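Step one of this worksheet: look at the structure below.
The values are calculated or read from the model by the stated rules, or taken from the named source; none is laboratory data. Here the structure is a predicted model, which means the values were calculated and not measured. Don't worry about glycine lacking a Cβ; one is built from the backbone with ideal geometry, like all the others, and counts go over all protein chains shown. The protein model used for the area step is the full one, side chains on, heavy atoms only, and it has no ligands, DNA or RNA in it. Shrake-Rupley method; radii C 1.70, N 1.55, O 1.52, S 1.80 Å.
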Amino acid sequence: MRLLPTAMASPFSTFSPTAAARALLPASISRPLSLAAAASSGRIPPSSKGLGFRRGRFTVCNVAAPTAAEKVSILPPPPPPPPGARARISHSPGPFLKCARRRAGSRFAQEATASAAKESQRPVYPFAAIVGQDEMKLCLLLNVIDPKIGGVMIMGDRGTGKSTTVRSLVDLLPDIPVVVGDPFNSDPDDPEVMGPEVRERVLQGDTSLPVTTAKITMVDLPLGATEDRVCGTIDIEKALTEGVKAFEPGLLAKANRGILYVDEVNLLDDHLVDVLLDSAASGWNTVEREGISISHPARFILIGSGNPEEGELRPQLLDRFGMHAQVGTVRDAELRVKIVEERARFDRDPKAFRDSYKEEQEKLQDQISSARSNLGAVQIDHDLRVKISKVCSELNVDGLRGDIVTNRAAKALASLKGRDKVTVEDIATVIPNCLRHRLRKDPLESIDSGLLVIEKFYEVFS
């Protein structure tokens, strides 16, 4: 029984891998191998390398890894154009030149595009048109005034307007200074919220950073998002076209200095909850994957909504929310009729409905801008601080987040009302929302935790 082909029978014969492979393989696939060998030797044009056509069948021939000489350009060079089409092709820009021209467009064109996109996007229900739900609306406004409060968790019955109210907050968000072209919405003056490239330029003494103003962004985190889309991953396009490792920012980078909204947050996967816990605790997102090591700021206002009947939220994540708003179904028949009529008007003509609330929206936006600018001048007396901490201590609140958030929320409320000093009424308004979700749950307790906070507040402040 002969194990070697004829070409390899003699030990003194010259070894030919191509001939050996051709002898070992059947005749139906020997031709593609010969085509591959001819292509590698340069006897056929580069445009047909790696492809074999035989009687209408398509065969991939050259699938080996590129050699050292081919690593510079993985893609084969294009075939030369016909002589008659040379003049026409020379005047047509390539895809990279077209992309460069689009990126280098004038500022007027970019503003026109943004304006057209804003007009064509889905209309948002006006915040001023929300009927009732004062507790939820107040918590959202206080977080816009002072983002360091730490966000708000909204829990309530289905169909109570939780998502509608949160998304209507977009029209009221103020403008902030950002570095042009930076994917992390870097602040040109605060190094703590600068992206890595901007921070490096500032450390090198670069004072010519292009700065513009943009609205605070609101980013939706869907329940089906993947971890690499949330944290960021390697830029596949740059890796294939330029052969370099580059970082493609995720949703956490886009939400920096903005709002990250998670609808049905109690149904979020555990691995995404761990990512949010890490970023919300440190204010930074660190990515270690595919040979990339990068850290960028991820300071955002975390807003979540959900229905408690669909599942409980993990206590680690619940503690990261600065405030907790409890939403209930409206029981007043007159208010219910008004809500139905207003919604019908909005569905019939969204633009006219928004125009009818334009004046109230602008007034509320000016009030928020004024409160943000005057927040630093608001003072709270020392004895009020002591009483706030005493309430937290007697309620057995773990940690000091309850004390910090209550002080911040009371100052934000005083600034919203146009005052420079916190009163007892301000603390009484915000302290149930700041401490309700921080109490230890007693399964045998039937009273609402917010009522327990109010009873202890009047006991201490009396």
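Okay, here's what the table says:
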quantity: Tally, over segment 240-264, of residues that are open to solvent by less than 50 Å² (accessible area, probe 1.4 Å), over 18 Å from Ser163 (Cα atoms) and in contact (Cβ under 8 Å) with a residue 60 or more places away in the chain; calculated: 4
quantity: Hits in segment 370-398 - residues which are loosely packed, with under 15 Cβ neighbours inside 10 Å and polar (S, T, N, Q); calculated: Ser370, Ser373, Gln379, Ser393, Asn396
quantity: Strands (runs of 3 or more DSSP E) wholly inside segment 187-263 containing at least 3 residues that are not small (Gly, Ala, Ser); calculated: 211-215, 218-220, 247-249, 259-263
quantity: Any chance Gly322 is surrounded by 14 or more Cβ atoms within 10 Å (Cβ to Cβ) and within 30 Å of Pro183 (Cβ to Cβ); calculated: yes
quantity: Unmet criterion (only one of (1) surrounded by fewer than 20 Cβ atoms within 10 Å (Cβ to Cβ); (2) assigned to a strand (DSSP E or B); (3) more than 19 Å from the chain's Cα centre (by Cα); (4) not small (Gly, Ala, Ser)) for Ile154; calculated: (1)
quantity: Whichever residue in segment 279-294 is polar (S, T, N, Q), in a strand (DSSP E or B) and modelled with pLDDT of 85 or more and, among such residues, is least open to solvent (accessible area, probe 1.4 Å); calculated: Asn285
quantity: Given (1) touching a residue at least 12 places away in the same chain (Cβ under 8 Å); (2) open to solvent by less than 50 Å² (accessible area, probe 1.4 Å), number of the condition Asp228 does not satisfy; calculated: (2)
quantity: Filtered residue count, segment 349-383, keeping only those that are of a type in the set (A, V, I, L, M), without any contact (Cβ under 8 Å) to a residue 60 or more places away in the chain, touching an Asp or Glu at 6+ places or on another chain (Cβ under 9 Å) and part of a helix (DSSP H, G or I); calculated: 1
quantity: Among residues of segment 167-192, those that are of a type outside the set (Lys, Arg), open to solvent by 30 Å² or more (accessible area, probe 1.4 Å) and touching a residue at least 24 places away in the same chain (Cβ under 8 Å), counted; calculated: 9
quantity: Qualifying residue in segment 404-423 (condition: in contact with a helix residue (DSSP H, G or I) (Cβ under 8 Å, 6 or more places away or on another chain), among the charged types (D, E, K, R), closer than 23 Å to Ala280 by Cβ and at pLDDT 95 or above); calculated: yes
